[in-house]
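The values are calculated or read from the model by the stated rules, or taken from the named source; none is laboratory data. The structure displayed is predicted, hence computed values, not measured ones. We place every Cβ from the backbone using ideal geometry, glycine too, and count neighbours over all the protein chains shown.
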């Protein structure tokens, strides 16, 4: 069941990573900064020793799973206060990209993931009886092999399988 779920989720994972990379690239182009989760000294950085793109990927992933943090647009803020229309527009674009990230990743893609896992669960449940019979056949084969090794098997010509008709 777990392996089947993992196989079913691979296309979703590729799609999710693609969207996370798109949002990270957008943040990098818009010069968004990542604020530390727990503000401390000025020298403290949220993700030390990582380049900015990887930091944005991690932050986009965190936003995707619900650990939401607002974008920091310090690069655009001082000029926007003085009335620069371009910088004011860039701040609005940062918020628009951030809202797009929240909508696409958090709402649409996580609901899609729930649907994929539910569909896989239904497949597993529908194949449950087949897997039970396969498992029982494997156990019978192992018992037969062990009995053959111990020379405890009598010759036989017919094997009869029976099941309870009322049980479903």
In the set 166, 142, which member is loosely packed, with under 12 Cβ neighbours inside 10 Å, more than 27 Å from residue 9 (Cβ to Cβ), over 34 Å from the mean Cα position of the chain (by Cα) and at pLDDT 85 or above?
142
Just name the residue that is modelled with the lowest pLDDT out of those in the stretch 55-109 that are touching a helix residue (DSSP H, G or I) at 6+ places or on another chain (Cβ under 8 Å), surrounded by 12 or more Cβ atoms within 10 Å (Cβ to Cβ) and not in a helix (DSSP H, G or I).
76
